[in-house]
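Participant: A single structure is presented below for examination.
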Amino acid sequence: MAPSTSATDTTETEDRLAILDLIGRLAPLLDARDWNALEQLFTDTVHNDRTSLTGGEPVSVSAAEFVDGWRQTLQNLNAVHHLITSQVIRLDGDEATCGANMQGTHVFANASGGPVWTVGGRHDYQLKRTPDGWRIAGLTFTVQWATGNESVIAHAMAAGRS
């Protein structure tokens, strides 16, 4: 006997697929440095917590400011590659959370050490349903490990200023 499917199950399944699609677009757009398309994945205001990586305090900024932070950090790298896997979604009406594993590889040829820095950890997303579909309202990145030359980012940012 086949399991029955209710309208609620269908909506939950559709929500989960929409969230997986949303999160699935993040890394390719980030790696392509498609800043305009990337900004469309977020709500107008984004809670940003990268304190495990950069210190400081979590902040809430506009989507444009949030994406501009990535632009400033990543635009001058020779290459960047992010992987986001093992998404676990929890739905609560028009809000949801999603935990995922994340790995980012950053490449920049420089005279002060190796050209590669790779960092791995966890992304915790806060999501909201909007009139335009699901959007990311918050992102917490928790570093779990890193290897290589962590100065790669600073070298690339300095090259962009010169």
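The values are calculated or read from the model by the stated rules, or taken from the named source; none is laboratory data. Bear in mind that the values here come from a model prediction, so they are computed numbers and not experimental data. Glycine also receives a Cβ, built like all others from the backbone with ideal geometry; neighbour counts cover every protein chain displayed.
Participant: For Thr73, all conditions in the list (1) in contact with a strand residue (DSSP E or B) (Cβ under 6 Å, 6 or more places away or on another chain); (2) in contact (Cβ under 8 Å) with a residue 24 or more places away in the chain; (3) farther than 14 Å from Lys128 by Cα hold save one; what is the number of the exception?
Facilitator: (1)
Participant: Another question, then. Hey, any hits in segment 79-93 for a residue that's among the charged types (D, E, K, R) and surrounded by 13 or more Cβ atoms within 10 Å (Cβ to Cβ)?
Facilitator: First pass over segment 79-93, keeping only residues among the charged types (D, E, K, R): 90, 92.
From what is left, the residues that are surrounded by 13 or more Cβ atoms within 10 Å (Cβ to Cβ) are none.
There is no residue in segment 79-93 that is among the charged types (D, E, K, R) and surrounded by 13 or more Cβ atoms within 10 Å (Cβ to Cβ).
Participant: Inspect all residues belonging to segment 126-134 and state whether any of them is touching a residue at least 60 places away in the same chain (Cβ under 8 Å), surrounded by 16 or more Cβ atoms within 10 Å (Cβ to Cβ), under 16 Å from His47 (Cα atoms) and among the aliphatic types (A, V, I, L, M).
Facilitator: Yes, segment 126-134 has at least one match.
Participant: Looking at (1) under 19 Å from the mean Cα position of the chain (by Cα); (2) surrounded by 15 or more Cβ atoms within 10 Å (Cβ to Cβ); (3) closer than 25 Å to Phe42 by Cα, can you tell me which one Met157 breaks?
Facilitator: (1)
Participant: Which ones in segment 10-47 are of a type outside the set (A, V, I, L, M, F, W, C), within 19 Å of Gln87 (Cβ to Cβ) and without any contact (Cβ under 8 Å) to a residue 40 or more places away in the chain?
Facilitator: Within segment 10-47, the subset of a type outside the set (A, V, I, L, M, F, W, C) is 10-16, 21, 24-25, 28, 31, 33-34, 36, 39-40, 43-45, 47.
Now drop any that are not within 19 Å of Gln87 (Cβ to Cβ), which leaves 11-16, 21, 24-25, 28, 31, 43, 47.
Thr11, Thr13, Glu14, Asp21, Arg25, Pro28 - these are the residues of segment 10-47 that are of a type outside the set (A, V, I, L, M, F, W, C), within 19 Å of Gln87 (Cβ to Cβ) and without any contact (Cβ under 8 Å) to a residue 40 or more places away in the chain.
Participant: I need the full set of residues from segment 46-62 which are surrounded by 14 or more Cβ atoms within 10 Å (Cβ to Cβ) and either polar (S, T, N, Q) or modelled with pLDDT under 95 (or both), in order please.
Facilitator: Step one: of segment 46-62, the residues surrounded by 14 or more Cβ atoms within 10 Å (Cβ to Cβ) are 46-51, 53, 59, 61-62.
Matches in segment 46-62: Asn48, Arg50, Thr51, Leu53, Ser62.
Participant: Something else about it: Just to verify a result, which residue in segment 102-112, among those that are over 22 Å from Gln144 (Cβ atoms) and in contact with a helix residue (DSSP H, G or I) (Cβ under 8 Å, 6 or more places away or on another chain), is surrounded by the fewest Cβ atoms within 10 Å (Cβ to Cβ)? Give the derivation first.
Facilitator: Residues of segment 102-112 over 22 Å from Gln144 (Cβ atoms): 108-112.
Among the residues that remain, those that are also in contact with a helix residue (DSSP H, G or I) (Cβ under 8 Å, 6 or more places away or on another chain) are: 108, 110, 112.
Details: Phe108: 23, Asn110: 16, Ser112: 9.
In this case the residue turns out to be Ser112.
Participant: Count, please, the residues in segment 23-44 that happen to be of a type in the set (S, T, N, Q) and in contact with a Phe, Trp or Tyr (Cβ under 9 Å, 6 or more places away or on another chain).
Facilitator: The first filter runs over segment 23-44 and keeps only residues of a type in the set (S, T, N, Q), leaving 36, 40, 43.
With the extra rule that they be in contact with a Phe, Trp or Tyr (Cβ under 9 Å, 6 or more places away or on another chain), the set shrinks to none.
So the answer is 0.
Participant: Among residues belonging to segment 63-92 that are at pLDDT 95 or above and of a type in the set (Ser, Thr, Tyr), point out the one that is farthest from Gly114 (Cα to Cα).
Facilitator: Ser86
Participant: Here is a list of conditions, (1) closer than 17 Å to Arg25 by Cα; (2) exposed (fewer than 14 other Cβ atoms within 10 Å of the Cβ); (3) not aliphatic (A, V, I, L, M), and Gly99 meets all of them except one; can you say which number that is?
Facilitator: Result: Gly99 fails condition (2) only.
Participant: Right, here's the next one. Can you tell me which of (1) closer than 19 Å to Val143 by Cβ; (2) without any contact (Cβ under 8 Å) to a residue 24 or more places away in the chain; (3) within 16 Å of the chain's Cα centre (by Cα) is the one Leu83 doesn't meet?
Facilitator: Failed condition: (2).
Participant: Against the condition surrounded by 14 or more Cβ atoms within 10 Å (Cβ to Cβ) and either part of a strand (DSSP E or B) or touching a Pro at 6+ places or on another chain (Cβ under 8 Å) (or both), how does Gly120 come out, does it pass?
Facilitator: Values: surrounded by 14 or more Cβ atoms within 10 Å (Cβ to Cβ): yes; either part of a strand (DSSP E or B) or touching a Pro at 6+ places or on another chain (Cβ under 8 Å) (or both): yes.
Judged against the criteria, Gly120 is a match.
Participant: Here's another thing I want to ask about it. Under 7 Å by Cβ, and 6 or more places apart or on different chains, what pairs join a residue from segment 95-122 that is at positive phi with one that is crowded, with 17+ Cβ neighbours inside 10 Å and of a type in the set (S, T, N, Q)?
Facilitator: Cβ pairs passing all conditions: Gly113/Asn149.
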